[in-house]
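Asker: For reference, the structure I am asking about is given below.
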């Protein structure tokens, strides 16, 4: 993969990780389990990208966190707030709208048919 393609793919994926994280964290989860869930769904995210994102979303009031110290290793669990749930729903709606618009462009310009 060349550097130009890699850069564009990174840009495309950047916002989707926010939507995916807010969607998954409607059910409380900790960072590592979120990484695994996202990976299984096809979102390849590195820990050094995800953890700062979680802190930023928490600072924005979109996530809350709580330490679970009842296990051998303390873990910080995250969950979306009402504001985070609302934003995720809005972003998913916008994603669907953009996907439909791209599909329309694809069809309207005959890119989908052989010439």
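What follows draws every value from the coordinates through simple rules; no lab data is involved. None of the values given here were measured: they were computed from a predicted structure. A quick note on method: Cβ atoms are made from the backbone with ideal geometry, for glycine too, and the neighbour counts reach across all protein chains shown.
Asker: Run the quick spin-label model on residue 59 and residue 14: label points 7 Å from Cα toward the beta carbon, then report their separation in nm to one decimal.
Answerer: Computed distance between label sites residue 59 and residue 14 equals 1.6 nm.
Asker: Could you tell me, in Å, what Rg and Dmax come out for the Cα atoms of the stretch 1-51?
Answerer: 11.8, 38
Asker: Hey, another quick one. What percentages make up the Cα-Cα pair-distance distribution of the chain when the bins are 5 Å wide from 0?
Answerer: 2, 10, 17, 19, 17, 13, 8, 6, 4, 2, 1, 1, 0
Asker: Right, something else. Can you give the convex hull volume per residue for the Cα atoms of the stretch 60-102, as a whole number of Å³?
Answerer: 91
Asker: Pop the C-beta distance of residue 69 and residue 95 into the FRET formula with R0 = 35 Å and round what comes out to the nearest 0.05.
Answerer: About 0.40, to the nearest 0.05.
Asker: Something else about it: Would you mind giving the three semi-axes, in whole Å and largest first, of the ellipsoid equivalent to the stretch 18-80 according to its Cα gyration tensor?
Answerer: One finds semi-axes of 17, 14, 11 Å for the stretch 18-80.
Asker: Want the number for residue 105 to residue 44: 0.36 nm per residue separation, take away the alpha-carbon distance, what's left?
Answerer: Going from the current span to full extension adds 19.2 nm.
Asker: Ok, one more. What angle do you read, to the nearest 10 degrees and between 0 and 90, between the alpha-carbon axis of helix 3-24 and the longest principal axis of the chain?
Answerer: 50
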